[in-house]
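What follows draws every value from the coordinates through simple rules; no lab data is involved. Since we're looking at a predicted model, the values are computed, not measured. Cβ placement follows ideal geometry from the backbone for every residue including glycine, while neighbour counts extend to all protein chains displayed.
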């Protein structure tokens with residue numbers, strides 16, 4: 001059974017976890033420029049797709065609009081739908097993928113992404129196997145939500161520790177083990193976000209695929225030929241070229257016109 005010193009140390013650990021994992025206060029962002037958004041929507045409905053695309057892209061790139069993740073995700077979704085209407089299926093895949101990074105549980109975005117991938121001749125985003133299922137479960141939370149989930153996951157462990165300190169016995173130890181297991185499960189999405197925090201990702205949108213080269217020039221040695229729809233981690237960037245991580249070990253340079261930045 002845990003003594004008082006052990007209990008005090010464990011409670012201190014939990015307090016530190018709460019402090020480290022608690023999400024910051026939500027920023028009070030202003031609403032997006034409704035004039036541009038409404039003008040883009042009207043242009044889309046009237047069939048002026050070029051004007052709608054330009055307005056939505058300008059709004060998305062305008063830092064002064066102070067869009068939150070939900071608003072940015074909606075604009076990416078709109079641009080994905082516009083791309084599908086123009087039969088630019090790989091662009092649609094890219095925009096829907098960007099939207100899911102901001103609104104990971106949006107059912108319409110998932111459905112349209114699978115449609116766009118099908119039209120582009122790509123395999124499904126959710127293949128239904130164990131790896132894909134685990135990845136979707138871990139990525140279905142935003143950064144703020146994953147922090148809150150990890151925070152709430154501390155509560156069963158804290159209650160189990162308190163029960164063990166007061167009562168002791170085999171049952172209380174089982175409760176502690178169960179609480180620890182629940183906390184570790186709740187930590188999964190937070191750990192995933194922390195592991196990828198600050199990473200920039202790009203998606204290959206060229207139908208011919210992307211040629212990763214040893215140096216940023218067209219005649220350099222080709223390191224790898226990457227299929228359309230491949231998502232890569234961006235490492236560096238110079239005018240006309242983006243350096244990516246090819247397979248976790250090698251690096252290569254791909255022409256920027258063949259890639260779509262997913263961080264929006």
Legend entry - Normalised contact order of the chain, rounded percent, pairs of Cα under 8 Å and 6 or more residues apart: 15
Legend entry - Degrees, to the nearest 10: 4-21 long Cα axis against longest axis of the chain: 20
Inset, instruction - Please work out whether region 141-196 counts as rounded, prolate or oblate from its C-alpha gyration tensor, where a ≥ b ≥ c are the square roots of the eigenvalues and a/c under 1.5 means rounded, while otherwise a/b larger than b/c means prolate and anything else oblate? - result: prolate
Legend entry - Distance histogram for region 68-114 (every C-alpha pair counted, 5 angstrom bins, percent rounded to whole numbers): 5, 31, 36, 20, 7, 1
Inset, instruction - Please give the FRET efficiency for residue 48 paired with residue 87, using the beta carbon to beta carbon distance and R0 = 22 Å, rounded to the nearest 0.05. - result: 0.85
Inset, instruction - Could you bin all the Cα-Cα distances of region 200-261 into 5 Å bins starting at 0 and give me the percent of pairs in each, rounded to whole numbers? - result: 4, 23, 36, 28, 8, 0
Legend entry - Crossing angle, helix 143-152 versus the chain [Cα axis fit, 0-90 degrees, rounded to tens]: 10
Inset, instruction - Figure the gain on full extension for residue 178 and residue 159 (residue separation times 0.36 nm, minus the Cα-Cα span) and round it to one decimal in nm. - result: 5.7 nm
Legend entry - Size of the chain as Cα extents on the principal axes (Å, biggest first): 70, 49, 34
Inset, instruction - Quick one, can you get me the convex hull of the C-alpha atoms of region 34-124 expressed as volume per residue in Å³? - result: 83
Inset, instruction - Just grab the label-to-label distance for residue 222 and residue 140, each label 7 Å out from Cα along the Cβ direction, in nm (one decimal). - result: 4.0
Legend entry - Residue exposure sequence - 131, 173 - by fewest surrounding Cβ within 10 Å: 131, 173
Inset, instruction - Note the angle between two axes, namely the Cα long axis of helix 107-119 and the longest principal axis of the Cα atoms of the chain, as a number of degrees from 0 to 90, rounded to the nearest 10. - result: 50
Legend entry - Inter-label distance, nm, simple model (7 Å from Cα along the C-beta direction), residue 119/residue 247: 3.3
Inset, instruction - Would you calculate the separation in nanometres between label points at residue 166 and residue 35, each defined as 7 Å from the Cα along the Cα-to-beta-carbon direction? - result: 6.2
